[in-house]
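To keep things clear, I will list the structure first and then write my remarks on it.
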Amino acid sequence: MNERLSKMPPCYPSNISREQFVHIAPILESARKKTRPRTIDLYDIFCGVLYVLKSGCQWRMLPKDFPKWRTCYEYFKKWSVKPSVTEDSILDTLLKKLVGIVRIADSRAAKTTFVIVDAQSVKNTDTAKKKATMLAKRCLG
């Protein structure tokens with residue numbers, strides 16, 4: 001990527017490093033029709049999207065260090081479209097790839113092998129049905 005295009009300081013916790021970005025840049029580039037040279041660094045746009053996803057802020061509240069919020073939002077819309085029911089979106093694919101890279105760097109398998117289920121949540125869903133039935137009996141008569 002062209003380093004001079006990037007003006008953003010790497011001070012946000014949601015940002016990824018340039019080294020991590022090198023692994024996903026080809027996937028992002030493949031999602032774009034090459035009509036004219038890019039004027040905004042794709043790294044900055046991706047970090048802007050990650051900032052909104054991590055912080056949960058509104059697009060219009062994106063800090064001024066990132067590209068314009070409309071630009072980041074347009075790329076987010078493009079990257080989050082699922083091509084089909086069975087395929088992941090570009091954004092899902094990238095985030096899974098980044099998680100795999102971090103897990104491998106921590107000497108772990110790229111994908112998780114188990115899931116933890118919160119027992120309290122499971123209990124609540126079982127008893128919620130009984131409570132709703134009791135409430136309905138009281139209301140009906």
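Taken together, the values in this text are just the output of simple stated rules run on the coordinates, not laboratory data. Keep in mind the model is a prediction, meaning the values are calculated, not measured. Ideal geometry is used to build each Cβ from the backbone, glycine not excepted, and the neighbour counts take in all protein chains shown.
Assorted remarks:
- Convex hull projection area averaged over all views, segment 3-112, Cα basis, nm²: 7.9 nm²
- For PHE114, PHE46, the sequence from fewest to most other C-beta atoms within 10 Å is PHE114, PHE46.
- Among ILE24, ILE116, the ranking by other beta carbons within 10 Å of each residue's beta carbon, starting with the fewest, stands as ILE116, ILE24.
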